[in-house]
Ligand code: FAD
């Protein structure tokens, strides 16, 4: 069905987790067609619910869409926001929209989780039936999935050789941000859409305010630059201490695509051209190494679709007998485990949608090894609360911590939460910020507060497990799972 009022061809750029006009591959290609461009965003509340997208991330997306709408308008591209319950509805709605607006070509940047890939395939088929083209681009990672392979043509299953091959490839063929700022021709339809000043309506999802995170371009780029200028140099020494502001805090922008990984690498190399040289004592290299972890997990997700289906990477670990203990899980979720560093981290996550990387590792290890709870429960909880929730990195991080993933820590290496706290929050500065009950506990006892509180007056839970015993139980559970295979 073609809308009678639409008498010119259009192309569409469908935005998903690439909410920027700068260095956006699909957008650049849409603009290059020389036809009037319409931008679409489809909010899918039911899908978000199923995939456990955090309410704070949805608010962040909503705020970013407002900025994107203004930026696109400068290029003569109107942004239309549609609401559909789920992916299936969104495919039909986009196909219908294309018919109504005489769309000849749809441009999208790929998403790698399985459902997203299937959705795009389905749309491609539907569009092709009407003679509408669909073009998909690799955009989310600096280097395309399937381009960093070993001699056998397989994806590296261990990070370090992958990282080395990644650096070699990037050094040979650098991938830099590409931006087109060309104004697009207008049609009657796009002119009318641009004249409509209606604000973007709610995305139909519960909202937790994300205002502490800026959404305007300048502030985001400033963050990246400030990090490179003031913190990257010492990153290798500071990045593990949650009480220190030593990391970039750029992951939320990368997760929704307000910033591209190419922009990050490019900016880093502008300041530290030597960052591509492997040197663990170098801050800039260490930061690049983390960006490459992001690439690694994204590439794995692309290569192994079963990761999208709750499947552990290490086959044998599907036989680990996780404890289904809602009381322990709840204590972890609420930050009431009696282990101060774990509780502080979990309370910060619920209150702010943020958690430092070292704390993600500690809390994930605690849930899976000390409490022997299924990593998928933790993975889900993180996605429900993190402002930077990103399926590939979250899945990769959880499987690493649970020793079920590729390149995971061996199952017999179990973090000791008390020692981790003593090492990475030695004076308890971070703990005191989030566990107010411990505010008056002296530094010496901040990680073992009940040893100080001989009178038992401290309003803080006793440790819910004995770490030494729990460690042995976890190791045994993995040994038994190995024996099954
Ligand atoms: P920086 O230290 O400044 O690092 C720069 C960038 O590199 C980050 O923004 C991020 O994009 C990437 N990066 C850093 N560390 C990692 C890593 N270990 N794995 C993959 N990419 C990394 N990251 C997410 O973006 N979304 C998630 O949902 C997520 N869930 C995680 C769950 C667990 C259990 C673990 C252990 C890690 C998880 N991570 C996740 C990775 C990491 O914790 C965050 O990317 C990092 O804490 C973000 O802080 P930053 O931006 O200051 O990072």
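Values quoted throughout were computed directly from the atomic coordinates according to the rules given, and no laboratory measurement underlies them. Keep in mind the model is a prediction, meaning the values are calculated, not measured. In this analysis, Cβ positions are derived from the backbone assuming ideal geometry, glycine residues included, and neighbour counts consider all displayed protein chains.
Worth a mention:
- Label point distance in nm, residue 457-residue 233, each placed 7 Å from Cα along Cα→Cβ: 4.9
- Folded to 0 to 90 degrees: helix 283-303 orientation relative to the chain principal axis, Cα: 70
- Taking each residue as 0.36 nm, the span from residue 304 to residue 280 lengthens on full extension beyond its C-alpha to C-alpha distance by 5.7 nm.
- Rounded, prolate or oblate (a/c below 1.5 giving rounded, otherwise prolate when a/b exceeds b/c) for the range 165-242 by Cα gyration tensor: oblate
- Compared with the dominant principal axis of the Cα atoms in the chain, helix 114-129 is inclined by about 10°.
- If R0 is taken as 45 Å, the Cβ-Cβ distance between residue 323 and residue 225 corresponds to a FRET efficiency of 0.45.
- Degrees, to the nearest 10: 340-352 long Cα axis against longest axis of the chain: 20
- Computed over the chain, Kirkwood Rh from alpha-carbon pairs, angstrom: 24.1
- The length gained on full extension between residue 73 and residue 196, counted as 0.36 nm times the residue separation minus their Cα-Cα distance, comes to 43.2 nm.
- Note on residue 444 and residue 315: their simple-model spin labels are 5.5 nm apart, each label 7 Å out from Cα toward Cβ.
- In terms of the mean number of neighbouring beta-carbon atoms within 10 Å, the peptides 348-356, 466-474 order highest first as 348-356, 466-474.
- Put simply, when 272-283, 438-449 are sorted by average Cβ atoms within 10 angstrom per residue, most first, you get 438-449, 272-283.
- Rounded if a/c under 1.5, otherwise prolate or oblate - the range 331-485, Cα gyration tensor axes: oblate
- Extension gain for residue 409-residue 351 works out to 17.9 nm (0.36 nm per residue, less the C-alpha to C-alpha distance).
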